[in-house]
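Colleague: Encoded as structure tokens, here's the structure I'll be asking about.
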Amino acid sequence: MREIQQALELFNTYLQGVWLRRRYIIITAWLVCPAGWFYVYKMPPTYEASARLYVESSTFLEPILRGLTINTNQRDEINLMARTLLSRTNLQKIARQADLDLQSRTDKEFEALIDALQSEIKVSGTSRENIYSISYTNPQPQIALRVVQETLNTFMENRIGSSRADSQAAQEFLDREIAEYERRLIEAEQKLSEFKKSRMNMLPGAETNYYAQLSAEQQRLESAQLELRELETRLQAARGQLSGINPGDGSSSNITTQFDERIKALQAQLDTALIRFTENHPDVLETRRLLDNLVKQREAELAALTETAAGKAGSGFVATQNTLYHELQMNVARLETEVASTRVRVKAFQDKVDSLESRLNLIPEIEAEFTGLNRDYDVTRSKYEALLARREASELARRADASEQDVQFKIIEPPRVPFEPSGPNRRLLYSVVLLLGLGAGLGMAFLRSLISPVLSRASQLSSICDYPVFGVISHTDKAKILRQVRLHFMYFTALTAMLLMFYLVLMSNDILFGRSAELLMRIVR
């Protein structure tokens, strides 16, 4: 509690010291405020020109041409253009188009003008909505309007120009690369054609791998050899079975010929006809004639078999043989035929394998050269076809861009300058100058009271010395001092009132006549 009381007494002491030095307040305020108000009054009005632009980065053709043309991220490109709009090259172009270069007589002044434009032109926008605002402030509204208009034009022209330049550069690059790869492709085709004419006849199979073909032929040879061994084994077994059977066993009735089934059928047909017809019926006579012919043919075949068996078995051979012996004999003959044909195939496969093995050192070199030529040709052709596809996509994108721009600029608010100036806010500045003047005066009075303090109470004296204070004696000429204090207070009040009156006059002038005066100046200019 005591510390709070001491702080309040100290604050009261400082306040009394400032009040005793109040003349410094009014003197400082009268030195600062008129000068500041005059500067603010002489400040020319500034006009802010602005424009708003919407950039549409997606069009109706975009979903249709997706996957057919080469597309870039238009939104990122527009954001980059907005950030680089205020480059020195663009600002120099804007300054010349707006005739600002006429105001500068030297290169140094022109560079200073470009620096000022870089800080005064404001470009703001949101990348999500693609809405951009351009604003510029200048004392002359016509200049402000021209600068905003030229900035807007530069923004749109840079996009269109860069798009066309990029498309043209890409087209020229693709044309050069396609011509180069076409030349390479023709050379590769010629080399491949010459190789096929001169070396491909040495290969066992056109455009096949040598080792794969050699392995396939060896497998075929092994398969044929295995089949030959199997057939020889079966032939040997069939001969053993044939040698264990006596060809004389059985009678001629047991011998089967190719006429047996027909004879049986004709006999059945003859029996059926005799049931219906007589012996002299034409059908019965014809059937009996056919049956007799078949019987004679069967007897002739049996006679031929008997002669064949006689040549093999000797003179003691009986002209009869059983059916099993005949079948085994036919099986042996068939197996001998298959063995002979299989040996021919084995010989052909062996000759082919020998031919491939004889060229074992030469063929890999030819195949390696052929593979290299094919690889170069395939790579060149794939690159050539890819470049052709890219050129077609680029041409399609260019035609789509010519029919409908992929990025469209829509001006939401055209460049305009309001009739009322955007600045300076003189009323605010007048108030700021007044506050600065009064603050400077209070600071001067406080500083003066600290430099030469005045004791106004007995408690102040007791706080700065160790001697006790027993009482307070009034001044002998107290009435004169009071009159002087009142006179100084009147001066302070009058000067303060005059300062405030001057402030009110300036505020009233700005409120009542400021707009009319600025409009008149604008019309005159």
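Colleague: Sort through A340, A309 and tell me the only one that's part of a helix (DSSP H, G or I), of a type in the set (G, A, S) and either modelled with pLDDT under 85 or within 60 Å of the chain's Cα centre (by Cα) (or both).
Modeller: On the way: A340 fails: either modelled with pLDDT under 85 or within 60 Å of the chain's Cα centre (by Cα) (or both).
So the residue among A340, A309 that is part of a helix (DSSP H, G or I), of a type in the set (G, A, S) and either modelled with pLDDT under 85 or within 60 Å of the chain's Cα centre (by Cα) (or both) is A309.
Yes/no per residue for (1) open to solvent by less than 20 Å² (accessible area, probe 1.4 Å); (2) of a type in the set (G, A, S); (3) farther than 27 Å from P44 by Cβ:
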{"position": "R83", "(1), (2), (3)": "no, no, yes"}
{"position": "T89", "(1), (2), (3)": "no, no, yes"}
{"position": "G125", "(1), (2), (3)": "no, yes, yes"}
{"position": "N138", "(1), (2), (3)": "no, no, no"}
{"position": "R146", "(1), (2), (3)": "no, no, no"}
{"position": "T151", "(1), (2), (3)": "yes, no, no"}
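Condition check ((1) within 30 Å of S133 (Cβ to Cβ); (2) in contact with a Phe, Trp or Tyr (Cβ under 6 Å, 6 or more places away or on another chain); (3) at pLDDT below 85) across all residues:
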| residue | (1), (2), (3) |
| --- | --- |
| P415 | yes, no, no |
| E420 | yes, no, yes |
| R426 | yes, no, yes |
| M444 | no, yes, no |
| K480 | no, no, yes |
| F513 | no, no, yes |
| E518 | yes, no, yes |
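Colleague: Give the residue that is most open to solvent (accessible area, probe 1.4 Å), with candidates limited to residues of region 425-450 that are hydroxyl-bearing (S, T, Y) and within 22 Å of L506 (Cβ to Cβ). Steps first, please.
Modeller: Of region 425-450, the ones hydroxyl-bearing (S, T, Y) are 430-431, 449.
Then drop every residue that is not within 22 Å of L506 (Cβ to Cβ), which leaves 430-431.
Numbers: Y430: 3, S431: 31 Å².
If we take residues in region 425-450 being hydroxyl-bearing (S, T, Y) and within 22 Å of L506 (Cβ to Cβ), then S431 is most open to solvent (accessible area, probe 1.4 Å).
Colleague: Here's something else I'd like to know. I need a count of the residues in region 409-424 that are open to solvent by 90 Å² or more (accessible area, probe 1.4 Å) and among the acidic types (D, E).
Modeller: Number of matching residues: 1.
Colleague: Given the structure, is A389 loosely packed, with under 13 Cβ neighbours inside 10 Å, of a type outside the set (F, W, Y) and either at pLDDT below 75 or outside any helix (DSSP H, G or I) (or both)?
Modeller: Values: loosely packed, with under 13 Cβ neighbours inside 10 Å: yes; of a type outside the set (F, W, Y): yes; either at pLDDT below 75 or outside any helix (DSSP H, G or I) (or both): no.
Against the criterion (loosely packed, with under 13 Cβ neighbours inside 10 Å, of a type outside the set (F, W, Y) and either at pLDDT below 75 or outside any helix (DSSP H, G or I) (or both)), A389 does not qualify.
Colleague: Can we say Q5 is more than 30 Å from L506 (Cβ to Cβ) and free of Cβ contacts under 8 Å to residues at least 60 places away in the same chain?
Modeller: yes
Colleague: Filter region 274-284 down to residues that are assigned to a helix (DSSP H, G or I) and more than 18 Å from R262 (Cβ to Cβ) and give me whichever is least open to solvent (accessible area, probe 1.4 Å). Give the derivation first.
Modeller: Taking region 274-284 as the starting set, the residues that turn out to be assigned to a helix (DSSP H, G or I) are 274-276, 282-284.
If we keep only those that are more than 18 Å from R262 (Cβ to Cβ) as well, we get 274-276, 282.
Values: L274: 60, I275: 142, R276: 175, P282: 90 Å².
The residue in question is L274.
Colleague: Among the residues of region 35-55, which ones are part of a helix (DSSP H, G or I) and open to solvent by 40 Å² or more (accessible area, probe 1.4 Å)? Lay out the reasoning, then the answer.
Modeller: Start the filter on region 35-55 by keeping residues that are part of a helix (DSSP H, G or I), which leaves 35-42.
Those that are part of a helix (DSSP H, G or I) and open to solvent by 40 Å² or more (accessible area, probe 1.4 Å): A35, F38, Y39, Y41, K42.
The values are calculated or read from the model by the stated rules, or taken from the named source; none is laboratory data. All of these numbers come straight from a predicted model, not from anything done at the bench. Cβ: placed from backbone, ideal geometry, glycine included. Neighbour counts: every protein chain shown. Areas reflect the complete protein model, heavy atoms only, side chains present, ligands, DNA and RNA absent. Shrake-Rupley method; radii C 1.70, N 1.55, O 1.52, S 1.80 Å.
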